Amino acid sequence: MRNMFSKVHRDTTEICHDHENSVRLDATRTISDLARSIMTNNSFIGKAWSRLVGGGHAQTIASANASPRADKMGEETYHLVVADYGNFSYDLDFFDRPASTPIVVFLHGIGGRAASPYNQGLADQVGLPVAQGGLGCRTVRLTLRGCGDLVLTSPQIHHAGQVNDLGAAVASIRKDFPAAKLYLVGSSLGAGIVMNYLAEMGDASPITAAFCQSQVYKFVESAEGFKGSMVHWIYNWALGRTFTRMFKDNKHVFEDEYARSLSPPTSPGSSRPVSPGPPTDHDDSDSSSLESPSPLHRSVQYDNDAALEDLARIRQVVKENLSLTKFSGKVVAPLAGYESAKAFMLATSSVNAIPRIRVPVLCLNACDDPLMAGKHLPRDEMNASPCVVMAATPGGGHLGFFGKGTDGKTGADGRWSTRLGFEWLSGIHNSNPAPRPAQTIVNWVDNGHVTRDWFHPEGRPEMRYMKVAICFRGVMTSSRAPIAPSQTDSKSVRGLF
């Protein structure tokens, strides 16, 4: 009975989920019921041009060449510095809505930005007032470190295991809007970050539900797939060029002196609840929190010869353009603290996250995705999960899904994935889900000193952040010097703006 809806049909959507133990939305429905209502007898039909020319490749190339909309600058943009002194930003829209208004947070893929079009259509739809067919939500769209117009301020590049940046963003949003329900939407690499974050937080996750599209669950298998044909070889090199260009544009942060100055402190100290009063010099609260309990996010300190030798090797290898697989192995893996490319890819692959996720998630994948072949989709893991549902369509490519359903409906941006994501989030939201565990945001304690401007979720000092700038429609309205809490002369975060 469990796999009744997992049978593969050439023209229908394959649904993988533990239907028998599916998480309940309310007294009468489960997330299995919601998924079936959305997708049963409603398969994806790609545009005629994609069916005639290249299928998944045509869909993927069309998505890659879609331009971000120039008018999609956020009403407010927040710039955050995090624990390793890297930085990212997020655009927030509909700030003036009631404090309890639900918030949908969007994460883009490799080399994307807040205005990436594969996310923007769904952001537009959920942001519309209910009377106009939307959900009336606030929307938050992240720009990950090194992406868009952001300058790197730490020798760390965004990857699927970098859950602490998302944790810092969620904490910042939660601190500003403690009564709002939070939803996540991740695309491609962003979907991997979402899944790994949800697994990391487990039962304590403050997220109500999530929607992920075109997720690469298994990086080793994906890398092997790049050897399959000339077209896959082109993808490998095109994606590698994105990262290589990011490295070359930010080469100053990979110099020995700069990296050494940003070595993170080894003792996070303790933490206490946020207080409106002035910080004290000492604190008597529990000091048992660990700096980085996550096996995904490893702090690399550049105060030793071995780490600096890694940097020297990295500077040498990126003098030439590298493929994605070579860049991941020779650059991203050592920067993230892994000994080999395979160890890095195995550890950060989101297939590992599926059993540990405790909130409803819908994952949309196409079996003709050139980055995640249908034969490698995690069907067994999904069929054992009561919280995560995977919908696998025959076509759609990677972040494409240009077309409509068999019922003739699609998203306002012409992407069926936008329509599917909206119906999933709408179904979850309209079921009036129970509030998630409250997330207490505390001041970070640095070597016994309670900092005034650094915050993190209680018990998660590795997810600490400081807001360094707030912009209103591109005009800076508030800023502070992005200075580390200790050694302000040597750890100044340079080049942020």
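The values are calculated or read from the model by the stated rules, or taken from the named source; none is laboratory data. Computed from a predicted model, the values in this text were never measured in an experiment. Backbone-built Cβ (ideal geometry, glycine too); neighbour counts: all protein chains shown.
Take the conditions among the polar types (S, T, N, Q), crowded, with 21+ Cβ neighbours inside 10 Å and not in a loop (DSSP other than H, G, I, E, B) and apply them to T451. Does it pass? No. Among the criteria (1) in contact (Cβ under 8 Å) with a residue 60 or more places away in the chain; (2) under 19 Å from the mean Cα position of the chain (by Cα); (3) part of a helix (DSSP H, G or I), the one T325 does not fulfil is (2). Looking across region 218-234, the residues that are under 21 Å from the mean Cα position of the chain (by Cα) and under 14 Å from D369 (Cα atoms) come down to K218, F219, E221, S222, A223. On the basis of being touching a residue at least 60 places away in the same chain (Cβ under 8 Å), surrounded by fewer than 22 Cβ atoms within 10 Å (Cβ to Cβ) and over 22 Å from V151 (Cβ atoms), does T60 make the cut? Spelling it out, it is not the case that T60 is touching a residue at least 60 places away in the same chain (Cβ under 8 Å), surrounded by fewer than 22 Cβ atoms within 10 Å (Cβ to Cβ) and over 22 Å from V151 (Cβ atoms). Give all pairs with beta carbons closer than 9 Å in which a residue from region 400-413 that is within 22 Å of S116 (Cβ to Cβ) and free of Cβ contacts under 8 Å to residues at least 24 places away in the same chain meets a residue that is of a type outside the set (D, E) and in a loop (DSSP other than H, G, I, E, B); count only pairs at least 6 apart in sequence or on separate chains. Matching pairs, first to second residue: T410/F401.
Hey, does region 72-82 have a residue that's charged (D, E, K, R) and in contact with a Leu (Cβ under 9 Å, 6 or more places away or on another chain)? Yes - at least one qualifying residue is present in region 72-82. K409 - would you say it is modelled with pLDDT under 95, closer than 30 Å to W49 by Cα, surrounded by fewer than 24 Cβ atoms within 10 Å (Cβ to Cβ) and of a type in the set (K, R)? Yes, satisfied. May I ask you to verify whether S187 is touching a helix residue (DSSP H, G or I) at 6+ places or on another chain (Cβ under 6 Å), under 22 Å from S385 (Cβ atoms) and not acidic (D, E)? Judged against the criteria, S187 is a match. When the residues of region 328-367 are filtered to those that are in a helix (DSSP H, G or I) and charged (D, E, K, R), the one that is surrounded by the most Cβ atoms within 10 Å (Cβ to Cβ) is K330. Residues in region 357-397 that are among the small types (G, A, S), touching a residue at least 40 places away in the same chain (Cβ under 8 Å) and closer than 18 Å to W416 by Cβ: A366, A391, A392, G395, G396, G397. The listed residues are P461, P485, P435, and the only one of them that is touching a Phe, Trp or Tyr at 6+ places or on another chain (Cβ under 8 Å), on the phi < 0 side of the Ramachandran plot, modelled with pLDDT under 95 and not hydrophobic (A, V, I, L, M, F, W, C) turns out to be P485. Total residues in region 82-115 satisfying the condition of being among the aliphatic types (A, V, I, L, M) and free of Cβ contacts under 8 Å to residues at least 24 places away in the same chain: the figure is 0.
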